[in-house]
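Comments concern the structure below.
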Amino acid sequence: MKKMILSLAAVMMMGFSVFANGTDNVVTQEARDAFKKDFATASNIRWEQTNNDFLKATFSLNGQILTAYYFANGDLRAVVRNITSDQLPINLLASLRRDYTAFWISDLFEISSDGQTTYYVTIENSDKKIVLKSDDLSSWGIYSKERKTDTE
């Protein structure tokens, strides 16, 4: 289960989405029906096929932009939303402020899947780029780390 979430997160973080030629060629009726049931008041819906055979719906709901990943059979795999740091659980926010004072946040999102919420934050300074992950809502672990080069 954790490997599947990590795989999904890695794909989402790398932005490996492939645009299809038209919604009708991408979306199964099962996925469309499930989406309408799960997100009845959604608007501005855009469907894509990802390179790992998920159906990706990006949409607006209650003033937020969300992304839902479905299997072709209509089963919801995960929902992703970008968030601001003040939307983090207080323990995670406090940890960032305490342990990473020399960094700024360049990306922050949460993934809800199988009743579990996982947070990912990308923090940077002039030398490093670090992606942190939390699935226990109280602490961060290093998901990936890279040193910046002078060519960036």
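Within the stretch 8-41, the set of residues being of a type in the set (Gly, Ala, Ser), surrounded by fewer than 17 Cβ atoms within 10 Å (Cβ to Cβ) and at pLDDT 50 or above comprises Ala40 only.
Filter the stretch 78-99 for residues that are surrounded by fewer than 17 Cβ atoms within 10 Å (Cβ to Cβ) and in a loop (DSSP other than H, G, I, E, B); which is nearest to the chain's Cα centre (by Cα)? Break it down into steps so the answer makes sense when it comes.
Step one: list which residues in the stretch 78-99 are surrounded by fewer than 17 Cβ atoms within 10 Å (Cβ to Cβ), which gives 81-87, 89-91, 93-94, 97-99.
Then drop every residue that is not in a loop (DSSP other than H, G, I, E, B), which leaves 83-84, 89.
Numbers: Ile83: 10, Thr84: 13, Pro89: 17 Å.
Per the stated criteria, the residue is Ile83.
Taken over the stretch 130-142, the residue count meeting the criterion of being modelled with pLDDT of 95 or more, in contact with a helix residue (DSSP H, G or I) (Cβ under 6 Å, 6 or more places away or on another chain) and either small (Gly, Ala, Ser) or farther than 16 Å from Ala102 by Cβ (or both) is 1.
Among the listed residues Asp75, Asp127, Asp114, which satisfies the condition of being surrounded by fewer than 12 Cβ atoms within 10 Å (Cβ to Cβ), outside the structural domain of Ala40 (by TED's automatic domain parsing), closer than 24 Å to Phe39 by Cα and out of contact with any helix residue (DSSP H, G or I) (no Cβ under 6 Å at 6 or more places or on another chain)? Outline the logic, then answer.
Details: Asp75 fails: outside the structural domain of Ala40 (by TED's automatic domain parsing); Asp127 fails: closer than 24 Å to Phe39 by Cα.
Criteria check complete, one pass: Asp114.
Scanning for something under 13 Å from the mean Cα position of the chain (by Cα), closer than 21 Å to Gln64 by Cβ and not hydroxyl-bearing (Ser, Thr, Tyr), does the stretch 121-142 turn up at least one residue? So far as the stretch 121-142 goes, yes, one or more of its residues are under 13 Å from the mean Cα position of the chain (by Cα), closer than 21 Å to Gln64 by Cβ and not hydroxyl-bearing (Ser, Thr, Tyr).
The values are calculated or read from the model by the stated rules, or taken from the named source; none is laboratory data. For clarity, every value in this text was computed on a predicted model and none was experimentally measured. Counting neighbours? That spans all protein chains shown, and the Cβs are built from the backbone with ideal geometry, glycine included.
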